[in-house]
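Here's the structure we're looking at; comments come further down.
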Amino acid sequence: MKITHVEYERYELELTEPYTIAYQTIGAATNFVLRLHTDTGLVGYGCAAPDLVVTGELAADVESAITTLIAPALAAQNPFHYARLLEELRLSLKSSALAMVDAALYDLVAKAAGVPLYEYLGGFRSEIATSITIGILPVAETLRRARMYVTDGFEILKIKGGLDYQQDIDRLKLIRQYFPKITLRFDGNQGYSLDQALRFISLAQPLGIEILEQPTSIDEEAVMGTLTRDSPIAVMADESLKTLTDAFRLTQHELTDMINIKIQKVGGIWAATHINSVAKSAANEVMIGCLDECGLGIAGGLHFALSRPNILYADLDGHLDFVDDPFRDLFTLERGILRPNGLPGLGRK
């Protein structure tokens, strides 16, 4: 099988409404979809979701990379040589562009094998529960969103915060009061100082918070390490982890209990497999998260999450905020449970 030509499409995806996290408010996202055509008739699909803060890319950077770097590098290549191709491109691409190529190559080889990608990768499970996220909102609006999501069948809520720890606690208390059986996770998005984080933890512990994600700045990793050692709530690294080197450093120095692997952030499934192995060796449980990605990007994270036994958590809800998502049919989401559509590769014919 050889790649015969490369195409792409740019999507400007509007959110149903802007959402706020500790360091920015987001109202729209640009995604790119790569199509790798082959001499067998199979087509591989991959998604890039550039984010200047997270992946270090502008949309223009990805678009330029497709025409000047990716297309020439993949011409006449065998997709089964994905390890070599990805290692060569890793030197010149940033993470979401690399993740896009990675997904398209994996999509092709799984289609050639005639199986869904998660089975090609190992097939540990066939479904996983995802959390759904509530951004930074007033207390009453937070409760309204929580009620809506619980009514829809979601059993895991991830609450964003980090601007005001007392208000964050008030929001969590109200949700716990009305929904005592719901699993609650909290993401500080680097918003707290050490003192604020310690105060938050002391007040949040009685509320049964399952995970405390990236509560403090990436510039103060020792602070997160202090929290990891002292906190009764499991601490998860997110923004602190972008590379395999980061994973080794965080786990070697016991700076975190858990890690959040985002396929767009780390540069694809190939890179994620190595990071996940480091996490497993350090007994760190893993969540697969996402950026503002259409269903194609979410599908890549889903298939990887289903393939590994130590990936216990999923936060794959980024596509739900888009007014229109052209790739919603790659999986189902019913009562908070994600399942691939069963077709080969990522599920796109």
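Say we look at segment 195-220 and pick out the residues that are polar (S, T, N, Q) and in a loop (DSSP other than H, G, I, E, B); which of these is least open to solvent (accessible area, probe 1.4 Å)? Break it down stepwise before answering.
The initial filter retains those residues of segment 195-220 that are polar (S, T, N, Q), namely 196, 202, 205, 214, 216-217.
Add one more test, that the residue is in a loop (DSSP other than H, G, I, E, B), and what stays is 214, 217.
Details: Q214: 0, S217: 27 Å².
Selected residue: Q214.
Looking only at segment 276-321, which residues are over 14 Å from the mean Cα position of the chain (by Cα) and in contact (Cβ under 8 Å) with a residue 24 or more places away in the chain?
Listed by number, the residues that qualify are V278, A279, K280, S281, A282, N284, E285, S307, R308, P309, N310, D321.
Test of understanding: among L137, L85, L98, L108, which residue is open to solvent by 30 Å² or more (accessible area, probe 1.4 Å) and not β-branched (V, I, T)?
After ruling out the rest, the residue left standing is L137.
Among the strands (runs of 3 or more DSSP E) lying completely within segment 293-349, list those that include at least 2 residues that are modelled with pLDDT of 95 or more and not aliphatic (A, V, I, L, M).
331-334, 337-340
Exactly one of (1) more than 23 Å from Y19 (Cα to Cα); (2) modelled with pLDDT of 95 or more is unmet by E220. Its number?
Single failed check for E220: (2).
Taking the condition open to solvent by 50 Å² or more (accessible area, probe 1.4 Å), within 25 Å of R84 (Cα to Cα) and either aromatic (F, W, Y) or part of a loop (DSSP other than H, G, I, E, B) (or both), does K280 pass?
no
Check whether at least one residue in segment 182-189 is assigned to a helix (DSSP H, G or I), open to solvent by less than 50 Å² (accessible area, probe 1.4 Å) and closer than 19 Å to M236 by Cβ, and report yes or no.
Checked segment 182-189: no residue is assigned to a helix (DSSP H, G or I), open to solvent by less than 50 Å² (accessible area, probe 1.4 Å) and closer than 19 Å to M236 by Cβ.
Which of the numbered conditions does A83 fail, given that it passes all the others? Conditions: (1) outside any helix (DSSP H, G or I); (2) under 30 Å from H37 (Cβ atoms).
(1)
Under 6 Å by Cβ, and 6 or more places apart or on different chains, what pairs join a residue from segment 158-170 that is more than 23 Å from Y313 (Cβ to Cβ) with one that is open to solvent by 10 Å² or more (accessible area, probe 1.4 Å) and not hydrophobic (A, V, I, L, M, F, W, C)?
L163/G191; Y165/Q196; Y165/R199
Going through segment 21-36 one residue at a time, which ones are in a strand (DSSP E or B), open to solvent by 40 Å² or more (accessible area, probe 1.4 Å) and in contact (Cβ under 8 Å) with a residue 12 or more places away in the chain?
The answer is Q24, A28, R35.
With respect to L157, determine if the residue is open to solvent by less than 20 Å² (accessible area, probe 1.4 Å) and within 22 Å of the chain's Cα centre (by Cα). Spell out the reasoning first.
On the way: open to solvent by less than 20 Å² (accessible area, probe 1.4 Å): yes; within 22 Å of the chain's Cα centre (by Cα): yes.
When the stated conditions are applied, L157 passes them.
In segment 322-349, how many residues are free of Cβ contacts under 8 Å to residues at least 40 places away in the same chain, open to solvent by less than 50 Å² (accessible area, probe 1.4 Å) and over 11 Å from G297 (Cα atoms)?
The total comes to 1.
Quick check: anything in segment 93-114 farther than 23 Å from K265 by Cβ, small (G, A, S) and assigned to a helix (DSSP H, G or I)?
yes
Please go through segment 1-19 and give me each residue that is assigned to a strand (DSSP E or B) and either open to solvent by less than 40 Å² (accessible area, probe 1.4 Å) or under 18 Å from L108 (Cβ atoms) (or both), ordered by number.
The answer is I3, T4, H5, V6, E7, Y8, E9, L13, L15.
If I filter segment 60-76 for residues that are assigned to a helix (DSSP H, G or I), of a type in the set (V, I, T), open to solvent by 30 Å² or more (accessible area, probe 1.4 Å) and out of contact with any His (no Cβ under 6 Å at 6 or more places or on another chain), do I get at least one hit?
Yes: segment 60-76 contains one or more residues that are assigned to a helix (DSSP H, G or I), of a type in the set (V, I, T), open to solvent by 30 Å² or more (accessible area, probe 1.4 Å) and out of contact with any His (no Cβ under 6 Å at 6 or more places or on another chain).
Has segment 257-267 got at least one residue that is assigned to a strand (DSSP E or B) and open to solvent by 20 Å² or more (accessible area, probe 1.4 Å)? Can you show your working first?
In the first step, residues of segment 257-267 are kept if they are assigned to a strand (DSSP E or B); the result is 258-262.
Okay, now just the ones that are also open to solvent by 20 Å² or more (accessible area, probe 1.4 Å), so 262.
Yes: segment 257-267 contains one or more residues that are assigned to a strand (DSSP E or B) and open to solvent by 20 Å² or more (accessible area, probe 1.4 Å).
Can you confirm whether V109 is within 16 Å of H37 (Cβ to Cβ), in contact (Cβ under 8 Å) with a residue 24 or more places away in the chain and either basic (K, R) or touching a Pro at 6+ places or on another chain (Cβ under 7 Å) (or both)?
For V109, the condition - within 16 Å of H37 (Cβ to Cβ), in contact (Cβ under 8 Å) with a residue 24 or more places away in the chain and either basic (K, R) or touching a Pro at 6+ places or on another chain (Cβ under 7 Å) (or both) - is met.
Check D238, D246 and return the single one that is among the charged types (D, E, K, R), surrounded by fewer than 24 Cβ atoms within 10 Å (Cβ to Cβ) and farther than 16 Å from L338 by Cα.
The unique qualifying residue is D246.
The values are calculated or read from the model by the stated rules, or taken from the named source; none is laboratory data. Note that the structure is a prediction, hence the values are computed from the model and not measured. Don't worry about glycine lacking a Cβ; one is built from the backbone with ideal geometry, like all the others, and counts go over all protein chains shown. With ligands, DNA and RNA removed, areas are computed over all heavy atoms of the protein, side chains included. Shrake-Rupley method; radii C 1.70, N 1.55, O 1.52, S 1.80 Å.
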